[in-house]
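Written out below as structure tokens is the structure these notes cover.
The values are calculated or read from the model by the stated rules, or taken from the named source; none is laboratory data. All figures in this text were calculated on a predicted structure; none of them were measured in a lab. Reconstructed Cβ throughout: ideal geometry from the backbone, glycine too, with neighbour counts over all protein chains shown. Just the protein is used for accessible areas: all its heavy atoms, side chains included, with ligands, DNA and RNA removed. Shrake-Rupley method; radii C 1.70, N 1.55, O 1.52, S 1.80 Å.
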Amino acid sequence: MENRIDRYFRALVENGGSDLHLSEGMPPKMRVHGDIEAIEDIILTHEDMVELMEPICPPKLWKSFEQDGDADFAYEMDESSRFRCNYMKQQRGYCCVFRLIPTKILTLEQLNVPEQIKRFGEMRSGLVLVTGPTGSGKSTTLAALIDYINTNFSRHIITVEEPIEFVHPSKKSIITQREVPSNCPSFADGLRASLREDTDIVLVGEMRDLETISLALTAAETGLLVFGTLHTNNARKTVDRIIDVFPAEQQAQARTMLAGSLRGVVAQLLMKRCDKPGRVAVNEILFATPAVSAIIREGATQKLADVIIGGKGMGMQFMDDAIWQKLQQGLVTPQEAYMKAIDKARFKNFLPPDQAVLANAGGA
């Protein structure tokens, strides 16, 4: 039997949207190519929200949501439509956001990400961080990287996710996917258990607390290849975030551990295209070298940009260079490039006069 909410999911899929937003006291809306637009002009009541939300939520989680005000799970409407679901309570009442998860895992080639990202999948140990803001395609890129390993190498890969997004069939590798909290209580628990499960590779869906980050560093040091995600925009901020999680008295030791275990960082942003509807990914890529390790140990992360720029011949890529390339190719506007750039002065001269005035005044 069809659930009432499925018609909104179908509207999202048919319009090429990425997220569905339902909120009590507001009309249903969706995000399409980065912009939010209304699906229809009705106002959703509390009764509407319960009727839309409850049927697709596991009963135990619904009780938890009503009591605590938050719930996360995945919902599959049909074979080709799967959603990551987040329920919350807010000022006006119930609210929920759904992210469309493609059921077909795209390859790294289909995503058009830099070829050198494959090198992370060929490593045997260490820590690789895939970073970017919410909605920047981190999970999609990471799923493609795991699929590359799964297709080409014989490994035991464990993923610890909340919830499971991309479902990987085992190919050359064995893939074990665990969901927090239904299969293991927390990311840290899943990571700790993976050390005893003949694991070659572990993917940690989110590294957001001291215990998980500390365990990830330990696992990487003991010979596992660990993939983790963080909500940071570039390599420098990523290294700083990892170290800043530790108490001040432990940060010197954390820098030493990270310097020894980090194999690289892939930072990703999505930019609005101007040549056609849609968005295009840009990546910053850092490969760990003796110079990178020394910088991390010293705590001199401001030097990482120079290492990345100087490491182009080794496959490294600086975020602003990737943005510059898209601007030169006519894929993004000067305004979009300016907004996403780290060194905004590099892009300011390309802005139209009215926007340049705003940028000079600090308004853009």
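Things to note:
- Condition check for ILE174: of a type in the set (A, V, I, L, M, F, W, C) and open to solvent by 20 Å² or more (accessible area, probe 1.4 Å): yes
Quick grid of which residues meet (1) in contact with a Cys (Cβ under 9 Å, 6 or more places away or on another chain); (2) within 26 Å of ILE213 (Cβ to Cβ); (3) free of Cβ contacts under 8 Å to residues at least 12 places away in the same chain:
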{"site": "ARG84", "(1), (2), (3)": "no, yes, no"}
{"site": "THR103", "(1), (2), (3)": "no, no, no"}
{"site": "GLY121", "(1), (2), (3)": "no, yes, no"}
{"site": "THR131", "(1), (2), (3)": "no, yes, no"}
{"site": "ILE164", "(1), (2), (3)": "no, yes, no"}
{"site": "ARG178", "(1), (2), (3)": "yes, yes, no"}
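- Looking across segment 151-178, not a single residue is in a loop (DSSP other than H, G, I, E, B), over 17 Å from the mean Cα position of the chain (by Cα) and under 11 Å from VAL204 (Cα atoms).
- Members of segment 11-30 that are under 20 Å from ARG82 (Cα atoms) and in contact (Cβ under 8 Å) with a residue 60 or more places away in the chain: LEU12, VAL13, GLY16, GLY17, SER18, ASP19, LEU20, HIS21, LEU22
- Verdict on ARG31 being closer than 21 Å to VAL266 by Cα, touching a Leu at 6+ places or on another chain (Cβ under 9 Å) and either open to solvent by 50 Å² or more (accessible area, probe 1.4 Å) or basic (Lys, Arg) (or both): no
- The residues listed here are LEU203, LEU191; of these, the one that is out of contact with any Ser or Thr (no Cβ under 6 Å at 6 or more places or on another chain) and either modelled with pLDDT of 90 or more or closer than 26 Å to PRO58 by Cβ (or both) is LEU191.
- THR140, sole failed condition from (1) of a type in the set (S, T, N, Q); (2) out of contact with any strand residue (DSSP E or B) (no Cβ under 7 Å at 6 or more places or on another chain); (3) surrounded by fewer than 16 Cβ atoms within 10 Å (Cβ to Cβ): (3)
- Subset of segment 320-354 [charged (D, E, K, R) and either more than 12 Å from ARG273 (Cα to Cα) or open to solvent by 70 Å² or more (accessible area, probe 1.4 Å) (or both)]: ASP320, ASP321, LYS340, ASP343, LYS344, ARG346, LYS348, ASP354
- Selection count where residues are modelled with pLDDT of 95 or more, assigned to a strand (DSSP E or B) and open to solvent by 30 Å² or more (accessible area, probe 1.4 Å), scope segment 235-279: 1
- Filtered residue count, segment 219-228, keeping only those that are open to solvent by 10 Å² or more (accessible area, probe 1.4 Å) and within 19 Å of ASP209 (Cα to Cα): 1
To keep it simple, each residue is scored yes or no on (1) of a type in the set (Ser, Thr, Tyr); (2) buried (at least 20 other Cβ atoms within 10 Å of the Cβ); (3) in contact with a strand residue (DSSP E or B) (Cβ under 7 Å, 6 or more places away or on another chain).
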| residue | (1), (2), (3) |
| --- | --- |
| ILE56 | no, yes, yes |
| GLU66 | no, no, no |
| VAL97 | no, no, yes |
| THR103 | yes, no, yes |
| GLN110 | no, no, no |
| ARG119 | no, no, no |
| MET123 | no, no, yes |
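- Hits in segment 20-36 - residues which are at pLDDT 95 or above and acidic (Asp, Glu): GLU24
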